[in-house]
Amino acid sequence: DRLMKCDLCNKEIEKVMSPDGRVIWDEGHNAEPIKENGRCCDKCNVSVLLARVGMLNAEKLGIQ
């Protein structure tokens, strides 16, 4: 059983389980653009998504 830590908060990344209790995903979320090549937990993924939206908005407004 492998334990992955969030590259942003250093807490354990949640495992996604099948209905019969098998781990089907344990690698979390892509943490870019906050952490290059990083992985993050569900809670930190909210910040990652907000950062991505902010980048898209800045790009649309010509602010880079």
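Please treat every number below as a calculation from the coordinates, not as lab data. Bear in mind the structure is a predicted one, so any value in this text is a computation, not a measurement. Backbone-built Cβ (ideal geometry, glycine too); neighbour counts: all protein chains shown.
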Subset of the stretch 15-49, residues loosely packed, with under 15 Cβ neighbours inside 10 Å and part of a loop (DSSP other than H, G, I, E, B), comes to 18, 19, 20, 21, 22, 27, 32, 33, 36, 37
Residue hits (the stretch 2-11; touching a residue at least 12 places away in the same chain (Cβ under 8 Å) and either loosely packed, with under 12 Cβ neighbours inside 10 Å or within 16 Å of residue 46 (Cα to Cα) (or both)) are 2, 6, 7, 8, 9, 11
